Amino acid sequence: MPTVYFIKRLLLGIPLLLVISFLAFLLVHAAPGGPFDRERNPASPEIKRALEARYHLNEPLLKQYLRYLGLVWEKDDQGQWHRALAGFNASMRYRNHSVSDILQQGLPVSMSLGALSFCFAMGIGLPLGFFSAMRRGKWEDYVGSFLAISAVCVPALVLGPILVMLLAIKWRVFPVALWSSPWHVVLPTVTLGLFFSGRIARLLREGLLNIFQAEFITAARAKGLDEFSILLKHAFRIAVLPVVSYAGPLLADLLTGSFVIENIFQLPGIGLHLVNSSLNKDYPVVVGLSLVYATLLIVLNLLVDAAYALLDPRVKYG
Amino acid sequence: MGERSDYGTSTSEGFITEQLATLHLRSETWARFKRNRPALLSACGLLGLLLSVFCWPIILKTAPLLGAHGSAFSQYHDPDRLSDDQFQPPSATHWFGTDVHGRDLFSRVLFGAQVSLLVGLMGTIVSLVIGVLWGAISGYAGGRLDAIMMRMVDVLYSLPSIIFVIVLITTLEGRLKNLLGGVAGPGLDRTTRLFFLVIGLGAVSWLTMARIVRGQVLSLRQRPFVDASRALGASATRILRCHIIPHTLGVVIVYLALTVPAIILYESFLSYLGLGIQPPMASWGSLIAEGAEQINPVRIYWWLIIFPGCFLVTTLLALNFLGDGLRDAWEVGRRD
């Protein structure tokens, strides 16, 4: 039963999330220094100790982790047992912001940019790969393949500044930075998405070329089906499978923000927070963002597998 | 390899023909690779780049021997010499222009190439060692160990790799600084940073390699020659070392050619963050980052980004063409 299989997979994701959160937690604690090392004025030992006590950094590691999950019970002044407040919401670097504040501010920007770039990458990559494969060995194929491989080789940190210099500063077609009107969206989307459009085009071209040699295509031709319906009904749905399995992790990556893009275009996304919080040992933020990423990854991989079952009649689960 | 004589009796006809067949296959693969123009051209281009990267420091060192003209030449092109000629556009003296501190950009790009290529290559080797060992052990052992090792790969896949790199680099560096207790000079500091960068990049790039090698090993360990070796009493390490790992090399080399550009890209990303190479050293990524900092609405210093960017992009292109060429040559060989 496929539904049983997928529910089982979803439930198996929960221990995975626990392991990932614990690993991220341990990683941040393994690094030397603490979140309060870079305070503006060097804090006196007492202040530092008080801060550490306030955020329970002086407790044993395991207790800290359990506290993070909200699984610690403590006696209060009246001798009553209380469950301690879960620690996953308190950023140490941005004192007056909770982790959910940070996510609420950053995620919409990162997610909309990621989704747009994903659509851009698919919109460019799929037709390009399809076209190259159809014109296999002709000059159009060489041009298409060269475009695809070039897209893979121009990283965002080269493309972004060049686009800004040319289109935003020299010709003033698009705004330089920030995130407020639809015009602001164009440059970051192209910069982020171009690399992946190249990957997608290459995957689809290769998938189609492999499929054209498959026996069931020859069988369909022998049956007298016209090329168009062979292509749509038989070839494309199998050839697109590598793209589908690439798209899952890709979308998880794109939705959780990109440091380079957010840095170049000064966008208030969560990619910046991920890097900065890892540098500052702000473990509630690091673990929170890791969990967001891992959850997205698990869900999207599940969707990928479901799409496999829909597209390829040979795939059966359960 | 010296121990091979202990089963020298197995040099039967079958063994020889098999050896000949692999040799033949190899030369066929090579011939097919040579017919692939872009790949061959890329290989030549990369060799040219390596040559100029190695020769440029030597030219700078030897130029003063040619008299006053030569020493002026090497002074102008000293990558670390600060001067008042800031932001000079490309000219006859400074072929790629100068940067914010008046340093010659051409020299800096070539010295940056040293770091980028070195880190790309060494990081790939680290990922190769971890990935091949992990995949081979997991695939050969099978059972519970295999399951545990592969679940670990799954978990690492679902952790954002940037966290892992940052923590690894800062942790190792902090530990080492404590260990040395401030004895370290700036020179040592630079090499350790380079070293940890390589370790960190290798440590996050081995996951796919491990999966590929495991898949290969799973099919290889069923093959008759592995059974034969086991029947002769060879230990597991010996079978892995002499029989299984050499057979995975083809696939591994093909994947390696695609790992090098990925690691060069990751290094430039880390240097862009300021986590990679520390100034005054440079890599292509840090040069591009320095150029990107200078973007302003008043004046455009395009050469600061275009030149290191072009070097990075062409190198990545060449490596990708090379990887594609190797893969095509190899895969057709396997299909036959």
message = Checking residue A:147 against (1) at pLDDT 90 or above; (2) touching a Leu at 6+ places or on another chain (Cβ under 6 Å), only one condition comes out false. Which one?
response = (2)
ask   = Would you say residue A:292 is away from chain B (no Cβ under 13 Å) and surrounded by fewer than 24 Cβ atoms within 10 Å (Cβ to Cβ)?
value = no
task = Identify the single condition in (1) part of a helix (DSSP H, G or I); (2) more than 9 Å from chain A (Cβ to nearest Cβ); (3) farther than 17 Å from residue B:108 by Cβ that residue B:265 does not satisfy, given that it satisfies every other one.
result = (2)
message = When you check residue B:112 against the structure, is it modelled with pLDDT of 85 or more, under 30 Å from residue B:48 (Cβ atoms), in a helix (DSSP H, G or I) and not hydroxyl-bearing (Ser, Thr, Tyr), yes or no?
response = yes
task = Answer yes if at least one residue in the stretch B:285-304 is under 28 Å from residue A:167 (Cβ atoms), in a helix (DSSP H, G or I), open to solvent by 30 Å² or more (accessible area, probe 1.4 Å) and modelled with pLDDT of 80 or more, and no otherwise.
result = yes
key: Pair list, Cβ < 6 Å and 6+ apart or interchain, from the stretch B:36-63 residues that are within 16 Å of residue B:118 (Cα to Cα) to residues that are open to solvent by 50 Å² or more (accessible area, probe 1.4 Å)   = B:53/B:114
query = In the stretch B:145-159, what count of residues is obtained for those that are modelled with pLDDT under 90 and open to solvent by less than 10 Å² (accessible area, probe 1.4 Å)?
reply = 2
request  = Quick one: in the stretch A:265-280, of everything that is open to solvent by less than 30 Å² (accessible area, probe 1.4 Å) and in contact (Cβ under 8 Å) with a residue 40 or more places away in the chain, which residue is nearest to the other protein chains (Cβ to nearest Cβ)?
outcome  = A:278
key: Filter result (open to solvent by less than 10 Å² (accessible area, probe 1.4 Å) and more than 11 Å from residue A:187 (Cα to Cα)) within the stretch A:152-162   = A:153, A:155, A:157, A:158
inquiry  = Give me the residue from the stretch A:163-191 that is assigned to a helix (DSSP H, G or I) and more than 13 Å from chain B (Cβ to nearest Cβ) and, out of that set, most open to solvent (accessible area, probe 1.4 Å).
reply    = A:183
ask   = Any idea which of A:248, A:257 is in a loop (DSSP other than H, G, I, E, B) and either in contact with a Gly (Cβ under 8 Å, 6 or more places away or on another chain) or surrounded by 19 or more Cβ atoms within 10 Å (Cβ to Cβ) (or both)?
value = A:257
ask   = Does residue B:107 meet the test of being assigned to a helix (DSSP H, G or I), surrounded by 19 or more Cβ atoms within 10 Å (Cβ to Cβ) and touching a helix residue (DSSP H, G or I) at 6+ places or on another chain (Cβ under 6 Å)?
value = no
note = Within the stretch A:231-245, restricting to residues that are open to solvent by 20 Å² or more (accessible area, probe 1.4 Å) and of a type in the set (Val, Ile, Thr), the one that is farthest from residue A:112 (Cα to Cα) is A:238
note = The correct count of residues that are facing chain A (nearest Cβ under 7 Å) and within 27 Å of residue B:200 (Cβ to Cβ) in the stretch B:293-336 is 7
query = Among all residue pairs at least 6 apart or on different chains, which show Cβ distances below 6 Å where the first residue, located in the stretch B:70-83, is within 20 Å of residue B:282 (Cβ to Cβ) and of a type in the set (Gly, Ala, Ser) and the second is at pLDDT 75 or above and surrounded by 15 or more Cβ atoms within 10 Å (Cβ to Cβ)?
reply = B:74/B:60; B:74/B:63; B:74/B:64; B:83/B:102
query = How many residues are open to solvent by 10 Å² or more (accessible area, probe 1.4 Å), under 19 Å from residue A:154 (Cα atoms) and in contact (Cβ under 8 Å) with a residue 24 or more places away in the chain when one looks only at the stretch B:305-326?
reply = 10
request  = Please find, within the stretch A:137-162, the residue that is nearest to the other protein chains (Cβ to nearest Cβ) out of those that are over 20 Å from residue B:320 (Cα atoms) and touching a residue at least 12 places away in the same chain (Cβ under 8 Å).
outcome  = A:161
task = Could you list, in sequence order, all residues of the stretch A:119-144 that are open to solvent by less than 40 Å² (accessible area, probe 1.4 Å) and either within 20 Å of the chain's Cα centre (by Cα) or on the phi > 0 side of the Ramachandran plot (or both)?
result = A:121, A:122, A:125
request  = Within the stretch B:268-292, track down each residue that is more than 9 Å from every other protein chain (Cβ to nearest Cβ) and farther than 20 Å from residue B:313 by Cβ.
outcome  = B:274, B:278, B:279, B:280, B:281
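The values are calculated or read from the model by the stated rules, or taken from the named source; none is laboratory data. Quick caveat: nothing in here was measured; it's all calculated off a predicted structure. Heads up, the Cβs are rebuilt from the backbone with ideal geometry, glycines too, and the neighbour counts pull from every protein chain shown. The area values use the complete protein model at the heavy-atom level, side chains included, leaving out ligands, DNA and RNA. Shrake-Rupley method; radii C 1.70, N 1.55, O 1.52, S 1.80 Å.
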